[in-house]
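Asker: Here's a structure for you.
The values are calculated or read from the model by the stated rules, or taken from the named source; none is laboratory data. All values derive from a computational prediction rather than experimental measurement. Because the Cβ atoms are built from the backbone with ideal geometry, glycine has one as well, and the counts that use them run over all protein chains shown. Calculation scope for accessible area: heavy atoms of the full protein, side chains included, ligands and nucleic acids excluded. Shrake-Rupley method; radii C 1.70, N 1.55, O 1.52, S 1.80 Å.
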Protein chains: 2
Amino acid sequence: MNNPDISAELLSGIANQLRIHSIAATTAAGSGHPTSCCSAADLVAALFFGQMRYDPKNPHYANNDRFILSKGHAAPLLYAAWAENGVVPISELTKLRELGNDLEGHPTPRLPFVDVASGSLGQGLSVGVGMALNARLDKFDYNTYVLLGDGECAEGSVWEAASLAGTYKLNNLVAVIDVNRLGQSQETAFGHHTEVYEKRFQAFGWRTEVIDGHDMEEILEVLAFVGADDKPLAIIAKTTKGHGISFADNKDAWHGKALSKEEAAAAIAELQPKAKSGLGVEIPKPTQVTEPNTQPPASWPAINYKLGDKIATRESYGAGLVRLGEADARIVAMDGDTKNSTYSEKFYKKFPTRFTECFIAEQNLVGVAIGFAAMKKIPFASTFAAFFTRAHDQIRMGAISLANIKLVGSHVGVSIGEDGGSQMALEDLGMMRALPGSIVFYPSDAVCAEKCLEQMAEHKGISYLRTSRPKTPVIYGNDEKFPIGGAKVLKQNAGDKITVVSAGVTLFEALKAADILAKDGITITVIDAYSVKPLAKEVIKAAAQKTNNLVLTVEDHYPEGGLGDTVAGELSADGIKVHKLAVFELPRSGKPDELLAKYGLDATAIVKKVKALV
Amino acid sequence: MNNPDISAELLSGIANQLRIHSIAATTAAGSGHPTSCCSAADLVAALFFGQMRYDPKNPHYANNDRFILSKGHAAPLLYAAWAENGVVPISELTKLRELGNDLEGHPTPRLPFVDVASGSLGQGLSVGVGMALNARLDKFDYNTYVLLGDGECAEGSVWEAASLAGTYKLNNLVAVIDVNRLGQSQETAFGHHTEVYEKRFQAFGWRTEVIDGHDMEEILEVLAFVGADDKPLAIIAKTTKGHGISFADNKDAWHGKALSKEEAAAAIAELQPKAKSGLGVEIPKPTQVTEPNTQPPASWPAINYKLGDKIATRESYGAGLVRLGEADARIVAMDGDTKNSTYSEKFYKKFPTRFTECFIAEQNLVGVAIGFAAMKKIPFASTFAAFFTRAHDQIRMGAISLANIKLVGSHVGVSIGEDGGSQMALEDLGMMRALPGSIVFYPSDAVCAEKCLEQMAEHKGISYLRTSRPKTPVIYGNDEKFPIGGAKVLKQNAGDKITVVSAGVTLFEALKAADILAKDGITITVIDAYSVKPLAKEVIKAAAQKTNNLVLTVEDHYPEGGLGDTVAGELSADGIKVHKLAVFELPRSGKPDELLAKYGLDATAIVKKVKALV
């Protein structure tokens, strides 16, 4: 234990005070999970008042020990701890879940002491892995503690994180498993059989300690040996749900239920005599460190492409990441065993210590990125775009966490060719657009891809770069600017019949189509909508209004949620008529060009469609 | 071994023949994964010609042993096995990956002998769990074999499946792990340390056997004891990638590369002397069974709701599933420890043997459903809609598998209230729409929910029901019909100023708004778009054209990919002007009504918006 001045008795008393707050808050709110708080109260009291080294007044301090409440439904317990350590006014606690109050039903970083949102179970350990890796990178001695429920250990993402932590021997990472036996709708698969969790964590490369999670002496004893060997530590704590509330303790059907006022009064009366305040307890200080630079570079190194050179945007992603990484040490990267295809390998080769190989485990890949982002790094996570669907929930929670993560998905659309449908991302634009505040880029050439990368590094928030497998010619000069929310009008003539909006590989088909149509006397406007979100609404609208309000979108994506839906969704209110070319059926294997033709995305298909429309 | 007439020597010869086919096919295609085929060839030969009991001429026979190629990139090996057993003409094999040929880059059920598509790694074992559970339910003695790569064992979904199989003691399930050491971009985390996999599977409740995956005697020896105890069996086979090709065997940088013609010739020359044909080998027969009924019932039991009664659609889901389950024994259900919230608990209580509790592991939940669907059951999988994002990749692969699965997501939108953003599904409509061939329902009342359920049970393919947490009044009569692709015009008057399209809880806000507006002399058309996909395009268009082409959509969903984008995407080409009310920012905790007001989805917001537009 890092706090030699505090007794186990006082910590147990604080735990009961946390229980009282949790009960009072949920009863005031009329909903919540008091019994899930009670099982973990002793563990949390020990961590927050006995073990963790942190500055309560500066929760973002770079060398504070980190705490992640992976079992986010125990939020009132977390808020109670931050009240008893003097940060949250105790009177605020009973405003839990009220509209406008940041003490929400599940924790979010609207609270300064919450690094990441939780509430979708099984995600906290991945974030912890990212934070623990960050400590290694920065050579800081903070430890990362993750509190998990037993029920959430059924989530595969927990084992993805556990495996990587074991592989990289993260002995600065501690998982505390609150084995309270009861899930939401029934007993968990393993009840109080703590040996199941013990065997599993051991098999995944962890040291384990099984304890009575309500015995403060035992808790402190195992915490004294955090980091004692070269493995991450799993503390498997046998607890009872509703501990301290005699009528609910270890009983079925109490999940997610606030106590009635009478029940709460009875429970609090039981707990009060054994409760003690944490206010005034001296929290152990973190080791003082020089905080890492968080200033962006004054400028990025220049790029040097030649017009007409053929380079896949995925390749320019790799080159660009190295370029940015040279200028900004905050940039780190990670991949899921696809680095030779996404080209993140270039960054790995240049900056091996700033790269994390996450193996084939995309949920953890994104969780690790969120962990780095919470420590003020700028993480770029890459894999095949199709496989980001595997981490959709982590990405969703990343958005709720306001996480500054950068996702880069390669191998999109039917233009990947022979590998077939399972490898083709055809829904990624839709998935990434539907994240509050997200930025979605879909570059067509190397220059645009590199410039989008710069925007991503500078922009604070979740952003996505969609890269393509086929080589495409460089069409922009090295000094061209690509702001967030921009678009490029590549062809425009008086008398154009229609505005074709595209991005990525199909943009070149649109340009070819324009040339073909011109020979038949039909001229068209062609726009590169590289910024899918936010969309350059005004640019497209202005162009469309000059072409009789007629727009055709062309995209290597399903028709739902992609570029076509974006343009229609943003512009139909202005009377713009949007027609779509997209992948309207389940695609199959074939050569890239054959597939673009078969699914109606090549120049021929665009010519045909334009002729039918004008 | 089930085939007493075949020798290990012949099986080894067949394995080499499979290697030759795999090399020839990928070289002909110019792409693919020949070395990943070679590592697993002995295992596949032993399974297909020595172990599995199946009728090659009737691959869908209900009691055939099942085989799932979870490492889908070894597709050429699978095709070779189905050629050597006489089903695929050998001359077809070198048409691998050609457009129009069903021998795609990764397996899909376009081939009659493929139950589920693979190619996104780590998903096969969940499907196998579903199939093994189905055998239990039907009291059939088929076994299910799943071939996994070692690299994919990093996917958490593998451990979700492993845990459930261990918990339910599925001794009719066999995982064969092809530990060939090499991933795509580097060595896996554990190389040839087979003891890591051994410990992990044991910790997850499995019996394990570690073997040399190229020693046919050893392979046959462990296969002889499938089902010998009460645990699932993991055969951990140490292999080398590229086995049999001297210049590639166990070497780096050969992943996903076809051999050149010269290399292929050299490799085949090495293998040819040791190769033998499988044609003519007698495949062990499955035990004959009475095939389960696959006929739908003539009709569904009637429903009996009273107009005005207040019932949440999630609750009518539970009631409806029991009603349908009584009429059709093919209906099974599964949940992820939320059955008391989704109301699937009603089905569990009525039909416990037809219900699978999957605990908090949504990827496996969907995989299990896909497994049941492959065996011609009609599985309904439910959880909070937000947590289906966890299984997005499984759902995506389900669509590619043409899987007949039914997904039911509860707790959608800000109207869930106090639990906050992490629990609110606000992207599910977008996610589910972007699945080729999917059906997406969003009912507003109990009658509609129950009738949509009937449609889902009758329709073959992936479909989604979005249920809501708040109670809503019954507005439809018990005999009302709700076809796929329909919509209900609830209010329409001559002189309406705008068409409001909504569904779910906000439909009632639209109806209230209509009443308020009517008092100010503004009448509006109100449409219930319960079928979000396919959308009742013509119904909405006809209504809109009577209201000056003006449409307002209202939905408890993010603005991207949901009802508004759907209506705009489908109708903007017709000149319909679509305005949207949706959740335009990251929501927070609060009471349901407060949140509907705060995010501009209640009657007041609709009134205000309509007045601004007309």
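Asker: Being aromatic (Phe, Trp, Tyr), outside any strand (DSSP E or B) and open to solvent by 10 Å² or more (accessible area, probe 1.4 Å) is the filter here, so list the residues in segment A:356-393 that pass it.
Answerer: Once the filter is applied, which keeps residues that are aromatic (Phe, Trp, Tyr), outside any strand (DSSP E or B) and open to solvent by 10 Å² or more (accessible area, probe 1.4 Å), segment A:356-393 yields A:Phe359, A:Phe387.
Asker: State yes or no: is B:Gln288 open to solvent by 20 Å² or more (accessible area, probe 1.4 Å) and closer than 30 Å to B:Val332 by Cβ?
Answerer: Yes, satisfied.
Asker: Report, ordered by the first and then the second residue, all pairs with beta carbons closer than 7 Å, sequence separation of six or more or different chains, a first member in segment B:503-517 that is assigned to a loop (DSSP other than H, G, I, E, B), and a second member that is of a type in the set (A, V, I, L, M) and open to solvent by less than 30 Å² (accessible area, probe 1.4 Å).
Answerer: What qualifies is B:Ala503/B:Ala529; B:Ala503/B:Val532; B:Ala503/B:Leu563.
Asker: Does segment A:348-355 contain at least one residue that is in contact with a strand residue (DSSP E or B) (Cβ under 8 Å, 6 or more places away or on another chain) and either within 11 Å of chain B (Cβ to nearest Cβ) or open to solvent by less than 10 Å² (accessible area, probe 1.4 Å) (or both)?
Answerer: Yes: one or more hits.
Asker: Then there is this: Can you spot a residue in segment A:320-338 that is in a strand (DSSP E or B) and surrounded by fewer than 18 Cβ atoms within 10 Å (Cβ to Cβ)?
Answerer: no
Asker: Oh, and also: In this structure, does A:Gly100 turn out to be in contact (Cβ under 8 Å) with a residue 24 or more places away in the chain and either farther than 12 Å from A:Leu147 by Cβ or not aliphatic (A, V, I, L, M) (or both)? I'd like the intermediate steps shown before the answer.
Answerer: Details: in contact (Cβ under 8 Å) with a residue 24 or more places away in the chain: no; either farther than 12 Å from A:Leu147 by Cβ or not aliphatic (A, V, I, L, M) (or both): yes.
No: the conditions fail for A:Gly100.
Asker: Considering only residues of segment B:84-105 that are open to solvent by 10 Å² or more (accessible area, probe 1.4 Å) and within 10 Å of another protein chain (Cβ to nearest Cβ), which is nearest to B:Lys57 (Cα to Cα)?
Answerer: B:Asp102
Asker: Which pairs do you get when a residue that is within 14 Å of another protein chain (Cβ to nearest Cβ), found in segment B:28-57, comes within reach of a residue that is open to solvent by 10 Å² or more (accessible area, probe 1.4 Å) and in a loop (DSSP other than H, G, I, E, B), reach meaning Cβ atoms under 6 angstrom, with the pair 6+ apart or on two chains?
Answerer: If the second residue must be open to solvent by 10 Å² or more (accessible area, probe 1.4 Å) and in a loop (DSSP other than H, G, I, E, B), the pairs left are B:Ala29/B:Arg97; B:Gly30/B:Ala258; B:Ser31/A:Glu418; B:Ser31/B:Ala258; B:Gly32/B:Ala258; B:His33/B:Gly256.
Asker: Let me ask something additional. Can you say whether A:Thr108 is more than 14 Å from A:Asp178 (Cα to Cα), surrounded by fewer than 24 Cβ atoms within 10 Å (Cβ to Cβ), within 14 Å of chain B (Cβ to nearest Cβ) and touching a residue at least 24 places away in the same chain (Cβ under 8 Å), as far as the supplied structure shows? Please lay out each step first, then the result.
Answerer: Values: more than 14 Å from A:Asp178 (Cα to Cα): yes; surrounded by fewer than 24 Cβ atoms within 10 Å (Cβ to Cβ): no; within 14 Å of chain B (Cβ to nearest Cβ): yes; touching a residue at least 24 places away in the same chain (Cβ under 8 Å): yes.
No.
Asker: All but one of (1) at positive phi; (2) not in a loop (DSSP other than H, G, I, E, B) hold for B:Gly280; which doesn't?
Answerer: It fails just one condition, (2).
Asker: Now for a separate question. Filter segment A:179-221 for residues that are under 31 Å from the mean Cα position of the chain (by Cα), among the acidic types (Asp, Glu) and either open to solvent by less than 10 Å² (accessible area, probe 1.4 Å) or closer than 22 Å to A:Asp249 by Cβ (or both) and give the result.
Answerer: A:Glu187
Asker: OK, next. Residues in segment A:441-462: is at least one in contact with an Asp or Glu (Cβ under 8 Å, 6 or more places away or on another chain), among the polar types (S, T, N, Q), buried (at least 24 other Cβ atoms within 10 Å of the Cβ) and more than 14 Å from every other protein chain (Cβ to nearest Cβ)?
Answerer: For segment A:441-462, residues in contact with an Asp or Glu (Cβ under 8 Å, 6 or more places away or on another chain), among the polar types (S, T, N, Q), buried (at least 24 other Cβ atoms within 10 Å of the Cβ) and more than 14 Å from every other protein chain (Cβ to nearest Cβ): present.
Asker: May I ask you to verify whether A:Lys71 is touching a residue at least 12 places away in the same chain (Cβ under 8 Å), within 14 Å of chain B (Cβ to nearest Cβ) and surrounded by fewer than 18 Cβ atoms within 10 Å (Cβ to Cβ)?
Answerer: Values: touching a residue at least 12 places away in the same chain (Cβ under 8 Å): yes; within 14 Å of chain B (Cβ to nearest Cβ): yes; surrounded by fewer than 18 Cβ atoms within 10 Å (Cβ to Cβ): no.
Considered against the rule, which asks whether it is touching a residue at least 12 places away in the same chain (Cβ under 8 Å), within 14 Å of chain B (Cβ to nearest Cβ) and surrounded by fewer than 18 Cβ atoms within 10 Å (Cβ to Cβ), A:Lys71 comes out as no.
Asker: Considering only segment A:158-168, how many residues are more than 14 Å from A:Thr144 (Cβ to Cβ), in contact with a Lys or Arg (Cβ under 9 Å, 6 or more places away or on another chain) and in contact (Cβ under 8 Å) with a residue 60 or more places away in the chain?
Answerer: The total comes to 2.
Asker: When only residues in segment B:128-141 that are of a type outside the set (D, E, K, R) and open to solvent by 10 Å² or more (accessible area, probe 1.4 Å) count, which is farthest from the other protein chains (Cβ to nearest Cβ)? Working first, answer last.
Answerer: Residues of segment B:128-141 of a type outside the set (D, E, K, R): B:128-135, B:137, B:140.
Next, from what is left, pick out any that are open to solvent by 10 Å² or more (accessible area, probe 1.4 Å): B:133, B:137, B:140.
Details: B:Leu133: 15, B:Leu137: 19, B:Phe140: 25 Å.
The selected residue is B:Phe140.
Asker: On to the next question. Looking at B:Ser341, B:Ser410, B:Ser401, which one is within 14 Å of another protein chain (Cβ to nearest Cβ), hydroxyl-bearing (Ser, Thr, Tyr) and over 24 Å from A:Gln186 (Cβ atoms)?
Answerer: The match here is B:Ser401.
Asker: Under 6 Å by Cβ, and 6 or more places apart or on different chains, what pairs join a residue from segment A:312-335 that is on the phi < 0 side of the Ramachandran plot with one that is of a type in the set (Asp, Glu) and in a helix (DSSP H, G or I)?
Answerer: Within 6 Å, the pairs are A:Ser316/A:Glu450; A:Gly320/A:Glu450.
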